[in-house]
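Report on the structure given below.
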Amino acid sequence: MSEHFDLELRSVEKRFGDQAVVRGVSFALEKGEFLSLLGPSGCGKTTTLSMIAGFEAPSGGEILIRDRRIDALPPEKRDIGMVFQNYALFPHLTVADNIGFGLRMRGMRKAEARTEVESSARLVKVDHLLDRYPRQLSGGQQQRVALARALVTKPALVLLDEPFGALDRLLREELQIEIRSLLRRLNITTVFVTHDQDEALSMSDRVAVMFDGRIEQISTPQQLYSVPATRNVAGFIGKGTFLHGTVTANGLFESRLGSFRLPGGAASPKSAIGDYFLRPESVFVTERIGQYPNEINADVAAMTFLGDRQTLIADATDGTRFFVQVRHDSPALPIGSKVHLGWASESATVYQSAATA
Amino acid sequence: MTRSSTDLGQLARIVLLLPATIIVVVGYVLPSLVLAALSFGIVPGVWVFSEATTSHYMRLLGDIYYLRVVGYTLFLGIVVSVLTAVLAFPVGYYLARSRSRLTSLYAVLTFTPLAVGMNMVTLGWMIILGKTGFINALLLQTGAINDPLQLLYGWGAVIVAMVHVVFTFMVLPIEAVVRQIDPSLEKAARILGAGPIRTFIEVVLPLSLPGIAAGFLIVFLQVCGAFVLPLLLGGQGFTLMPIAIWEQITVSFDRSFAATLSVALILISIVVMLLQMRIMREKSLV
Amino acid sequence: MSLRYLSIYSAILGIVFVFPLLIVVAVSLDPGDYIRFPVSGYSPRWYIEMWSNQTILLALKNSLIVGVTSSLIGALVAVPAALVIARGGRFLEGVVYPFFLSSFTIPWLVYGLALLFFWGAAGLDLSLTTLIVGHTVIAIPYILRVTLAVLRGMPPNLVRAARICGASPLQAFFSVTLPYIRSGLVAGVSFAFVVSFTNIPVSLFITTADNITLPIAIFNYMVNNFEPMVAAISVVQVAMIGIILLTARKVGRVERS
């Protein structure tokens, strides 16, 4: 009684020799869903994408597209569109022939394919460039052509392999918005590989964060940020402060900086070693002592101005570095001056690593 | 190495490598083995194999005539290599440093002797150096001499023409290596007080040695294997290894000894190559 | 070093290098019976007479057959091998590749001799076929090296892109890889042709009156008689090489403006 999924991975494994690169990756995408595979380099995200595309054979597990096993099929039989890093446009073919390549490989004649090439080109706004060669295009134009080539065959699934890496920031953001809305309009299921968390958070319906060959968390961008499932995820997404210490049975977290209250539900029947995590926007500078249940003293190390906000960087007495988000118009605090920081217990996240004896 | 489903399977690899392998095995490896066998007096027939003997090698090592042929070949190799290196270095340096568009034309020019073939080059030098040739005509007409000079036949003619032929093999690696040398190194040396000559000797030359060494090897091997040019420009009695081999086949009809001389020539090439690799490694040029 | 002095030096050396070739052209127009300088006059006499020389005509025909066949067979076997070697790996780089290049290291004359003995031992008569085998062996390294250099510079995602667009391995080769390597391949094949078309040492021992090649015919002529016709034939040969190289350049040029 399986639901209908456009793409499903079941315990997919990849080993090179005795080295496991992907370990038991599973997820399923509904029609039109946009999933990002996010993680540091070497986490297995690119290998996972290669296995979906058919460039690498899985060492174990199953891959299904629209409920059909495809892991034994060669890439050309999988009905997938793909945009590559650096685009991989064919240098000897015009834009029109690049876009129409997939149609010709499916036995269509050039003249027949022309209409579809043109409508595909119009979608990504390169219909005025059809007779040019790739080397005559800007990076952004090449990127659009690559997308048109991936979409022209109306594939079940589109794969994007770090497609924005080679573009400058402004162009990148413009294209991200445009491509996302285009894919949503066409309702195309997409897997997007990136190491850039901003890209992943801003474009995705869901994000899968990978470390060391495993998916540590797969959830919406909002959840990923506010409730990171593991210490790795918390450290990788956004900024924050980790305190190392012990979770006690009486609802406290004891560290070198003192004892802090655990958020509700994080209490443990036995005491355990763990990490206490705070986001910059959960920590506040207080004037009055006793305003927050958890407070510390710190020295201002720096203030960085980011336009819409500022980040206060302050070092606690044991050297732990705190990041505090403050308003963009807050007055600058002199370096070395004393500040008092506080936070609500519920805004902390606790990761237990091991039970203590 | 990563294997993937778009990568070639083991079977595909074998199938793709097979045609070239067959041609090289049948057309090169087997003939080389037959040659080596013959040098020991073994005549490989379909059924009959004769006794092996080292007598041909003994003859080569004991005959002052052939030892001299070997010596001449090595000597010519060294002279031409050194001369070419000296003549080609300024050209290679110029090609590497100049921004002129004529430099690509120059590359074509140094390459012409190979494109037109040895016949053409040899003929050209015969006409220039011959008794009724260009230089003698020039000198006779200007009255500098009364009787034509004997320019053709002998070391001089062979060396000049050989340098011409192998020039491109020396220029290309030198040009490539000089291109790798950051021009600011030379400026740095000058700022530090070295004159142009000191700069060349202390900076440019040591850094160019890998290129010169590479050119040296190719040139030396080319000279050792040269045949048409030394035969026609060297004249009677000017015998190098390839010419000696040719004489065994066409004059003495001694196939077995021709094979022995051939193996000796290959051995010389291998020794030179190993020697060069060793020197390069000791000077940590690779 | 002052580049201006170097450019003058290089130019002088360049002139010295073309001079022997130009002088052959001058002599080829001499209507006299022996080569001399200054030439006795200018006439197309030898250019006309060479076409009634049966040996020369046969040799020219043979050389074209051997050159074209060996360079094309060389391409047909070297390109697939290059595709495999380009994937890398210690065995391919360290053993297979040097094996295909090994004929580079042995003097050509010695290789020709080995072929003579081999065909003798194999009981085969010398023919155009036996000649083509030898020329193919020496063509392979040239074509393999150029093709491999181009393939190594080719982005690996191009073939993957073709595959994901629906191309089978064979379609991907013909529609993407082959166009990509075309100019390099044409250069390699035309160079291999020139090597065959001018080769003397390999052919020397394995040509007979029937399968004689043009360079061997010219060489025999030069050894025996020293008349301007040799110069005329040489000039015609060089002209043919020039035409072939220029055509190859045109064919090999990639039309992406």
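The charge dipole of the stretch B:58-285, taken about the Cα centre with unit charges on the Cβ atoms of Lys, Arg (+1) and Asp, Glu (-1), comes to about 540 debye, rounded to the nearest 20.
Rounded to whole numbers, the Karplus 3J(HN,Hα) couplings from phi for the stretch A:105-119 are 5, 8, x, 7, 7, 4, 5, 4, 6, 3, 4, 5, 4, 5, 5 Hz, using 6.51 cos²θ - 1.76 cosθ + 1.60 with θ = phi - 60°, and x at Gly and Pro. Take every pair of alpha-carbon atoms less than 8 Å apart whose residues are at least six positions apart; their mean separation over the length of the stretch B:58-285 yields a relative contact order of 27 percent. Applied to the stretch B:125-140, the Karplus parametrisation 6.51 cos²θ - 1.76 cosθ + 1.60 on θ = phi - 60° returns per-residue 3J(HN,Hα) values of 5, 5, 5, 5, 9, x, 4, 9, x, 5, 5, 4, 4, 4, 5, 5 Hz, with x for Gly and Pro.
Counted by Cβ distance under 15 Å from B:THR103, the other residues give a net charge of +4, where Lys and Arg count +1 and Asp and Glu count -1. Converting phi to 3J(HN,Hα) with the Karplus coefficients 6.51, -1.76 and 1.60 and the offset θ = phi - 60°, the stretch C:92-97 yields 5, 6, x, 10, 5, 4 Hz in sequence order, with x at every glycine or proline.
Taking every alpha-carbon pair under 8 Å whose residues sit at least 6 apart, the stretch A:27-182 reaches a relative contact order of 27 percent. When A:ARG172, A:ARG327, A:ARG114 are sorted by how many other C-beta atoms sit within 10 angstrom of their C-beta, beginning with the fewest, the order is A:ARG327, A:ARG114, A:ARG172. Between A:GLU346 and A:GLU112, the FRET efficiency estimated from the beta carbon spacing at R0 = 51 angstrom works out to 0.25. Taking 17 Å as the straight-line reach from the Cα of A:LYS239, the aspartates and glutamates in range (excluding those fewer than 8 positions away in the same chain) are A:ASP196, A:ASP198, A:GLU199, A:ASP275, A:GLU281, A:ASP308, A:ASP315.
Neighbouring Cβ atoms from other chains, within 10 Å of the Cβ of residues in B:240-248, number 3 on average. Toward the positive end of the charge dipole of chain B, with +1 on the Cβ of Lys and Arg and -1 on the Cβ of Asp and Glu, the farthest Cα among B:GLY9, B:THR132, B:VAL70 is that of B:GLY9.
Using the beta-carbon distance between B:LEU61 and C:SER40 and R0 = 60 Å, what value does 1/(1 + (r/R0)^6) give for FRET efficiency, to the nearest 0.05? Between B:LEU61 and C:SER40 the formula returns 0.70.
Shielding value for C:2-15 is 5, the average number of Cβ atoms from other chains within 10 Å of each residue's Cβ. Using r as the Cβ-Cβ distance of C:PHE99 and A:LEU182, and R0 as 60 Å, what FRET efficiency do you calculate, to the nearest 0.05? Step by step, r from the Cβ atoms, then E = 0.70. Remark: mean inter-chain Cβ contacts per residue of A:69-79 equal 4, using a 10 Å Cβ-Cβ cutoff to other protein chain atoms. Rounded, prolate or oblate: pick one for chain B, where a ≥ b ≥ c are the square roots of the eigenvalues of its C-alpha gyration tensor, a/c under 1.5 means rounded, and failing that, prolate if a/b is larger than b/c, else oblate. In terms of gyration-tensor shape, oblate.
Counting only DSSP beta bridges whose two residues both lie in the protein assembly as shown, roughly 80 percent are antiparallel. Too long at a 30 Å Cα-Cα cut-off: which of A:LYS270/A:LYS338; A:LYS77/C:LYS250; A:LYS45/A:LYS110; A:LYS14/A:LYS77; A:LYS45/A:LYS154? Going by Cα-Cα distance, A:LYS270/A:LYS338; A:LYS77/C:LYS250; A:LYS45/A:LYS110 fall outside the 30 Å limit. Near the amide H of A:PHE5, under 5 Å away, which other amide H atoms are found, from residues 5 or more places off or on another chain, if H is placed in the peptide plane? Here the answer is A:ASP67, since their amide H atoms fall under 5 Å of that of A:PHE5.
Shape class for the stretch C:1-159, computed from the alpha carbon gyration tensor (a ≥ b ≥ c): oblate, with a/c not under 1.5 and a/b at or below b/c.
In chain B, a dipole from Cβ-located charges (positive for Lys and Arg, negative for Asp and Glu) runs towards its positive end, and of B:SER98, B:VAL263, B:SER208 it is B:SER98 whose Cα lies farthest in that direction.
FYI, it's all coordinate maths here, none of it is from the lab. None of the values given here were measured: they were computed from a predicted structure. Neighbour counts run over all protein chains shown; Cβ positions are idealised from the backbone, glycine included.
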